[in-house]
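Structure first, commentary second.
The values are calculated or read from the model by the stated rules, or taken from the named source; none is laboratory data. Since the model is a prediction, treat every value here as computed from it, not as a measurement. Positions of Cβ are backbone-derived with ideal geometry, glycine not excepted, and every protein chain shown enters the neighbour counts. We work out accessible area using only protein heavy atoms, side chains counted, and drop any ligands, DNA or RNA first. Shrake-Rupley method; radii C 1.70, N 1.55, O 1.52, S 1.80 Å.
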There are 2 protein chains.
Amino acid sequence: MAPPRVLTVAGSDSGGGAGIQADLKTMLALGVHGMSVVAAVTAQNSVGVQGYWELPPEAVRAQLESVLTDIGVDAVKTGMLASAALVSAVAAMLAQVDAPLVVDPVGVSKHGDRLLDPAAVDTMRTELIPLATVVTPNLPEVAQLTGVRVEYESELPAAAAAVLELGPRWVLVKGGHLSEEPAGTPSAEAVDLLTDGTMTIVLRSPRLDTIHTHGTGCTVASAIAAYLGLGLDVPGAVKAAKDYVSGAIAAGYGLGAGIGPVDHGWRWRAGSRT
Amino acid sequence: MAPPRVLTVAGSDSGGGAGIQADLKTMLALGVHGMSVVAAVTAQNSVGVQGYWELPPEAVRAQLESVLTDIGVDAVKTGMLASAALVSAVAAMLAQVDAPLVVDPVGVSKHGDRLLDPAAVDTMRTELIPLATVVTPNLPEVAQLTGVRVEYESELPAAAAAVLELGPRWVLVKGGHLSEEPAGTPSAEAVDLLTDGTMTIVLRSPRLDTIHTHGTGCTVASAIAAYLGLGLDVPGAVKAAKDYVSGAIAAGYGLGAGIGPVDHGWRWRAGSRT
């Protein structure tokens, strides 16, 4: 029997830690059939993004068409979509798809490299996010999308409300960069807030002492999509995804001179070499 | 501790069954860190290849440069490289790399779609295959590369010798399409021949009764690269790869109206959903 079908529409990270590479690894790890529509290709490693090539909109449309008309999808995740034209092309096609959609509104990379054309932010806000079952911004992305700047945990609900105004069913605000009140020092906990405007769930996990977190955002979003594809509801999928990602961060490893990747295979690492 | 680093340079299959998608899944399944340089993007599903976009040579060079200068590699696999210019660009850079290289000389897809420009075949023969630690042609690819046509098992050694003439250290001729002598009916066994010109190993496995073999060739080559990255010698890596791929074919599943994928997660399938 075929496993659930989960599609990512995102960019390619040559270093294998983020982008469609992180998504496909996550999907295999969680037991679903991973598929990928490539929107852009980056030359990227542990120290930054060295190059960047967008696919033409017709190539993105054709890949989506090939997957949707023959194989079908049980859940979809979008990541880096590069330009307004690509965001718009993807949104127009996904509007016709009856499956949960996780939108990771990727704006900048861990190294501060810009991964989204500024005009694309507006198109994402107006055309793609309204289609989302869950949108998963971190704090810089909340600011980019809504203008709301968050420093303390007490400000998370207002940030989530501002994102919900854009029209998604649920928002997961990832508070990985919060400070302690009132001292302003980095918080010892990573606090995420999930809400649909009615129900609110606060997810806390200890901040792990590692720099090797490359691919975390992609992995969270694709893990949520995978669990939605497996039939979990949104709160269940988000909690399961957080568990998976926390383990992957804890097992992250150094590769290259900079930020190494999370370990997508951590659950089987011990037994997987033979 | 970081796992071995294994790089694929190949095309993208939107359906997730072949290309870099199959490679990355195989690498995760076998416990290595998978990375990928995208040479071309296909719009593809279970019934064929609907579209095809090459990356410019500078994009392929930049991706390779990002990986090689920072992260490094313990093994490399090449797959679909699309054009003579890309084959030549990749060969020039891999000539400087001191790691095992597996060349899968992808010529045509399972549906008969041409995935390699005819001029690229000659460049692969003269520039890339001489660098290979192992080259892994199937019978149509042996014919395309050497002109030698094989129908029966007894003809495999001559085919392998013709490929070795091109300069790789080892050749694995994949006899998946052999006939029985003298009747001409399909053989009940898949017979592969591995040789370096001195040692010859014949690998037999029962022909499995499934059409869901999409991605088999990519998976064999990337599994060999993964096992070489893990430190096995060539015969050991090829045998271990065949075991992995046989299980993946046996667990292959239907998705779409045509040829479904092999199951890269077969070893953990039972326990991986929770």
- [ ] Enumerate the pairs (first residue in the stretch B:231-259 and farther than 18 Å from B:V6 by Cβ; second residue anywhere and open to solvent by 10 Å² or more (accessible area, probe 1.4 Å) and assigned to a helix (DSSP H, G or I)) with beta-carbon separation below 8 Å, excluding pairs fewer than 6 apart on the same chain, so at least 6 apart or on different chains.
- [x] B:I249/B:T216; B:A251/B:R269; B:L255/A:I71; B:G256/A:D70; B:G256/A:I71; B:A257/A:D70; B:G258/A:D70
Task: Residue check, B:A84 closer than 24 Å to A:G254 by Cβ and not acidic (D, E) - done: no
Task: Filter result (within 11 Å of chain B (Cβ to nearest Cβ), among the small types (G, A, S) and touching a residue at least 24 places away in the same chain (Cβ under 8 Å)) within the stretch A:54-89 - done: A:G72
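Residues in the stretch B:109-130: is at least one under 23 Å from B:V238 (Cα atoms), in contact with a strand residue (DSSP E or B) (Cβ under 9 Å, 6 or more places away or on another chain) and open to solvent by 10 Å² or more (accessible area, probe 1.4 Å)?
First pass over the stretch B:109-130, keeping only residues under 23 Å from B:V238 (Cα atoms): B:109-110, B:124-125, B:128-130.
Narrowing further to those that are in contact with a strand residue (DSSP E or B) (Cβ under 9 Å, 6 or more places away or on another chain): B:109-110, B:124, B:128-129.
Next, from what is left, pick out any that are open to solvent by 10 Å² or more (accessible area, probe 1.4 Å): B:109-110.
Among the residues of the stretch B:109-130, at least one is under 23 Å from B:V238 (Cα atoms), in contact with a strand residue (DSSP E or B) (Cβ under 9 Å, 6 or more places away or on another chain) and open to solvent by 10 Å² or more (accessible area, probe 1.4 Å), which makes the answer yes.
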Task: Unmet requirement for B:A92, which otherwise passes all of (1) part of a helix (DSSP H, G or I); (2) open to solvent by less than 10 Å² (accessible area, probe 1.4 Å); (3) more than 8 Å from chain A (Cβ to nearest Cβ) - done: (2)
- [ ] Quick one: which helices (runs of 4 or more DSSP H) lie wholly within the stretch A:105-224 and hold at least 1 residues that are among the aliphatic types (A, V, I, L, M) and over 30 Å from A:V37 (Cβ atoms)?
- [x] A:156-164
TODO: Go through the residues of the stretch B:46-53 one by one and say whether even a single one is of a type in the set (A, V, I, L, M), within 8 Å of chain A (Cβ to nearest Cβ) and farther than 23 Å from A:G34 by Cα.
DONE: no
- [ ] Would you mind stating whether A:A221 is among the small types (G, A, S), in contact with a Lys or Arg (Cβ under 8 Å, 6 or more places away or on another chain) and open to solvent by 20 Å² or more (accessible area, probe 1.4 Å)?
- [x] no
